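The values are calculated or read from the model by the stated rules, or taken from the named source; none is laboratory data. The model shown is predicted, which means the values in this text are computed figures rather than measured ones. A quick note on method: Cβ atoms are made from the backbone with ideal geometry, for glycine too, and the neighbour counts reach across all protein chains shown. What goes into the accessible areas is simple: the full protein's heavy atoms, side chains included, and nothing from ligands, DNA or RNA. Shrake-Rupley method; radii C 1.70, N 1.55, O 1.52, S 1.80 Å.
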Amino acid sequence: MAHKSEPIPGQAIKVNPAAGTVKIVALVAALVLLIAAPFMLYPIFVMKLLCFALFAAAFNLLLGYTGLLSFGHAAFFGGSAYFTAHAVKEWGLSPELGLVVGVAGASLLGLIIGAIAIRRQGIYFAMITLALSQMFYFFCLQAKFTHGEDGIQSVPRGHLFGIIDLSDTTNMYFFVLGVFILGLAIIWRFVNSPFGMILKSIRENEQRAVSLGYAVAQYKLGAFVMSAALAGLAGGVKALVFQFATLTDVGWQMSGEVILMTLLGGIGTLPGPIFGAGLVVTLQNYLATSDFPVTIITGLVFMVCVLLFRRGLIGEFYASKLGRSLGFRSEN
């Protein structure tokens, strides 16, 4: 693990008493904005943003806190969308049980792909995840339950716990918001647990972690499965929001998008991927009806951020004098 400066014995440690207050105020302000969002913006757009924000946060759990770059996370996102859509439409399950099926399927995929991929490091790890993800893509293309290129359409949203009608847009929004907050809470607890501390040590110096007696492969696999499960949660919710699941969700382009979102916002920060997802989804939404090619504009934004904000937008803010004075810090 990278060495950090230690305080001199007997020396007082300076703590900014306002740092905690600033974080609480920012958290409350964000929550208020999220609650008010469907009354100010198009609810479907905000729900899409929340789904991709959770997807990016799940991906960041693997890249930002464990140091593993996966090119195949679309398999978990899109796979869960297929599993959830099929369970709700064909099996008649309630939306919450459909999500359980989707998350379980994504976790199983994560266990299989992760068990193979963690045997290698660096670019080899990334290429293995990409190859296995493409294999799953072609499986979805041929499998009967996915309906090939047509996808699974007209997925019913159903009634949450048999009571709340999710066909109502407002009810659906607050359900998505609840899932989003739950997912972020799980990620925060995971990162700040002893397990998360070990993952950070593996990221900083894997050989030293091995020398200290940690079963590095098991920790990496655990992080991979957790990331896959949360990505699956995002994919399952997206299938319920838009009421369909298609090959777009499992294509390699989706894996590229989530990497872009995470890098734009800042890896190793909890709000970074959320901000990056919001930026990308907003560009896609508002440029879709214009004459400007969305991919080129997004690429230009990415180039500017790489040149001017090497740590990502939120990462640079955390590293700035203002960010440090407010008590923010990046784990990267």
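Of the residues making up the range 139-149, those that are assigned to a helix (DSSP H, G or I) and either open to solvent by less than 20 Å² (accessible area, probe 1.4 Å) or of a type in the set (Val, Ile, Thr) (or both) are Cys140, Gly148. Scanning the range 302-319 for residues that are out of contact with any Leu (no Cβ under 7 Å at 6 or more places or on another chain), surrounded by 12 or more Cβ atoms within 10 Å (Cβ to Cβ) and part of a helix (DSSP H, G or I) yields a total of 7.
Listed here are the residues, each with its yes/no results for (1) open to solvent by less than 30 Å² (accessible area, probe 1.4 Å); (2) touching a residue at least 60 places away in the same chain (Cβ under 8 Å); (3) not in a loop (DSSP other than H, G, I, E, B).
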| residue | (1), (2), (3) |
| --- | --- |
| Phe76 | yes, yes, yes |
| Val100 | no, no, yes |
| Gly105 | yes, yes, yes |
| Gly114 | yes, yes, yes |
| Arg157 | yes, yes, no |
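Of all residues in the range 119-138, those that are open to solvent by 30 Å² or more (accessible area, probe 1.4 Å) and either touching a Leu at 6+ places or on another chain (Cβ under 6 Å) or part of a helix (DSSP H, G or I) (or both) total 12. Selection of the range 25-52 for residues being modelled with pLDDT under 85 and within 30 Å of Ile202 (Cα to Cα) yields only Leu27. Report whether or not Ile181 is surrounded by 13 or more Cβ atoms within 10 Å (Cβ to Cβ) and under 19 Å from the mean Cα position of the chain (by Cα). When the stated conditions are applied, Ile181 passes them. Number of residues in the range 108-156 that are at positive phi and basic (Lys, Arg) equals 0.
Per the listing Ala53, Ala87, the residue uniquely without any contact (Cβ under 8 Å) to a residue 60 or more places away in the chain and crowded, with 20+ Cβ neighbours inside 10 Å is Ala87.
Looking only at residues in the range 194-233 that are of a type in the set (Ser, Thr, Tyr) and modelled with pLDDT under 90, the one that is farthest from Ser133 (Cα to Cα) is Ser211.
Just one residue in the set Met226, Met254 is over 26 Å from Leu41 (Cβ atoms), open to solvent by 10 Å² or more (accessible area, probe 1.4 Å) and assigned to a helix (DSSP H, G or I); that residue is Met226. Take the residues of the range 275-295 that are over 28 Å from Ala87 (Cβ atoms) and under 16 Å from the mean Cα position of the chain (by Cα): which is surrounded by the most Cβ atoms within 10 Å (Cβ to Cβ)? Among residues in the range 275-295 that are over 28 Å from Ala87 (Cβ atoms) and under 16 Å from the mean Cα position of the chain (by Cα), the one surrounded by the most Cβ atoms within 10 Å (Cβ to Cβ) is Gly276. For first residues located in the range 270-284 and part of a helix (DSSP H, G or I), partners that are at pLDDT 85 or above and of a type in the set (Phe, Trp, Tyr) and lie 6+ apart or on another chain with Cβ distances below 7 Å form the pairs Pro273/Phe59; Ala277/Phe52; Val281/Phe52.
Does Leu247 meet the test of being in contact with an Asp or Glu (Cβ under 7 Å, 6 or more places away or on another chain) and modelled with pLDDT of 90 or more? Here the answer is yes, as Leu247 does meet what is asked. Of the residues in the range 29-65, how many are of a type outside the set (A, V, I, L, M) and within 14 Å of the chain's Cα centre (by Cα)? Residues in the range 29-65 being of a type outside the set (A, V, I, L, M) and within 14 Å of the chain's Cα centre (by Cα): 8 in total.
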